[in-house]
Amino acid sequence: MSRSIEQLESMVADLLAEAKKQGASAADAAVSSSAGLSLTVRLGEVETIEHTRDQGLGITVYFGRRKGSANTTDLKPAALREAVSKACTIARNTSEDDCAGLADPQYLARDWPNLDLHHPWDIDADQARELALEAEQAARDFDIRITNSEGATLNTQTGSFIYGNSNGFVGGYPSSRHSLSCMVLAQDGDCMQRDYWYDSRRDWRQLMAPAAIGEKAAANALARLNGRKLGTCEAPVIFRADIAPHLLRSLANALRGHAQYRQSSFLLDSLGQQILPDWVKVTEDPHIPRGLASAPFDNEGVATNPKAIIDGGVIQTYLLDSYSACKLGLHTTGNAGGVRNLAVTTGEMNLEQMLGEMGTGLLVTELMGQGVNSVTGDYSRGAAGFWVENGEIRYPVEEITIASNLRDMFRDLVAVGNDTDIPGSVHTGSWWISRMTIAGN
């Protein structure tokens, strides 16, 4: 089983004391321990069983404005001392950086809510096998055209995390994460397509029923059979709710402090600019109970708080850790380690109603490749989905590319659907963009 909070707190205290003993003027450390089970079945048989047990620590020391870091997965006392020694050696031989240092003590978390992140699942391999088999069998029984399977996988993991620094902060919490997924292949004549579905939760009791996951995977695969190619055109595009989160992540990445001070963002120096329609609000809420990205403090011990990133379509804040904030002459926003639980304003229409309003255009259900230029915002991705005419899906499409620029896409956002019941840490419905270039035949 994973180590207790008390054991990890003791390790952090030992690391900080050792750093001080070796001459560091400041230090911080993070220690984690986790244990889990992963089981995959395929075609009715168990394919893999993995019992995992992971642990690790990171120590960062400062000699004035010189910084050194070291990591290890060996948590024995001698290994901890060696990690501190390595970090100190690096720091002593590193150039000074005016922004190197711990987070300002005034921003550190002093107390925080219980976010209900820890729900251990007392499940053994036999029970996990039955749930995975149920998901896969439901998919295989769904339609005679489901001819093969790439398996169903159940994952469960619990762990503990502690962070501390020499400014007197020590904090940590236990957490859990559980998931169930299924991927199958559908065949009609010479045409074969694969698709999947999954669910992931902090509390295993909230997972989607295994049979429902399997049936959803099968339905998704069947819907893609006998896809067609499109001729090159310009048309409205709707990104289905399970695909739309990548647009919000692109937005968040462009607003990260490190992208700003390195001048590698298409939204460079954009604070206060309107980039989305005035009805759009994008928020971060790290305090959602049982949220997959919830955390009471960030990776530097800074208190996390709900905030508006976009309001009225206008950029309200960058997403900063202490270092990037220093580089930009600002203060940390509690985003060391990333953004937590993004959400966007949703409208009143569900996906079917959005298709009806769009009339003719493309519904995107899969994206391929990495064709997003974070510096210019140029966007070009391989895609698959469905062609829509008169508000109704007519046929699946494949082997196409959709292209635009993220600034134009954000500006041309027509609506966000209320079809938000998708797994993950990004809360959004489908996005309707008024026009993009579609390259096909």
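The values are calculated or read from the model by the stated rules, or taken from the named source; none is laboratory data. Computed from a prediction, not measured in an experiment: that's the story for all the values here. Neighbour counts run over all protein chains shown; Cβ positions are idealised from the backbone, glycine included. Quick note on the areas: whole protein, heavy atoms, side chains included, nothing else; ligands and nucleic acids left out. Shrake-Rupley method; radii C 1.70, N 1.55, O 1.52, S 1.80 Å.
Structure data summary
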{"item": "Residues that are β-branched (Val, Ile, Thr), closer than 29 Å to residue 152 by Cβ and within 28 Å of the chain's Cα centre (by Cα), drawn from the range 41-99", "result": "41, 48, 49, 52"}
{"item": "Breaking point among (1) surrounded by fewer than 19 Cβ atoms within 10 Å (Cβ to Cβ); (2) touching a residue at least 12 places away in the same chain (Cβ under 8 Å); (3) of a type outside the set (A, V, I, L, M, F, W, C), for residue 62", "result": "(1)"}
{"item": "Selected residue [closer than 28 Å to residue 167 by Cβ, in contact (Cβ under 8 Å) with a residue 60 or more places away in the chain, open to solvent by 20 Å² or more (accessible area, probe 1.4 Å) and touching a Phe, Trp or Tyr at 6+ places or on another chain (Cβ under 9 Å)] from 85, 25, 32", "result": "32"}
{"item": "Subset of the range 293-315 [part of a loop (DSSP other than H, G, I, E, B), open to solvent by 30 Å² or more (accessible area, probe 1.4 Å) and without any contact (Cβ under 8 Å) to a residue 40 or more places away in the chain]", "result": "305, 306"}
{"item": "Residue within the range 253-262 that is in a loop (DSSP other than H, G, I, E, B), in contact (Cβ under 8 Å) with a residue 60 or more places away in the chain and not aliphatic (A, V, I, L, M) present", "result": "no"}
{"item": "Matching residues, the range 138-186, being in contact (Cβ under 8 Å) with a residue 12 or more places away in the chain, surrounded by fewer than 20 Cβ atoms within 10 Å (Cβ to Cβ) and aliphatic (A, V, I, L, M)", "result": "170, 185"}
{"item": "Which listed residue, of 199, 195, is open to solvent by less than 60 Å² (accessible area, probe 1.4 Å), part of a strand (DSSP E or B) and touching a Pro at 6+ places or on another chain (Cβ under 6 Å)", "result": "199"}
{"item": "Residues of the range 339-360 satisfying the condition of being within 14 Å of the chain's Cα centre (by Cα) and open to solvent by 30 Å² or more (accessible area, probe 1.4 Å)", "result": "339"}
{"item": "In the range 108-128, residue nearest to residue 202 (Cα to Cα) [restricted to those that are open to solvent by less than 20 Å² (accessible area, probe 1.4 Å) and not in a loop (DSSP other than H, G, I, E, B)]", "result": "128"}
{"item": "Unique match (being of a type in the set (A, V, I, L, M), in contact with a helix residue (DSSP H, G or I) (Cβ under 9 Å, 6 or more places away or on another chain) and farther than 30 Å from residue 181 by Cβ) among 87, 109, 13, 30", "result": "87"}
{"item": "Strands (runs of 3 or more DSSP E) completely within the range 1-107 that count 1 or more residues being closer than 30 Å to residue 123 by Cβ", "result": "26-42, 45-63"}
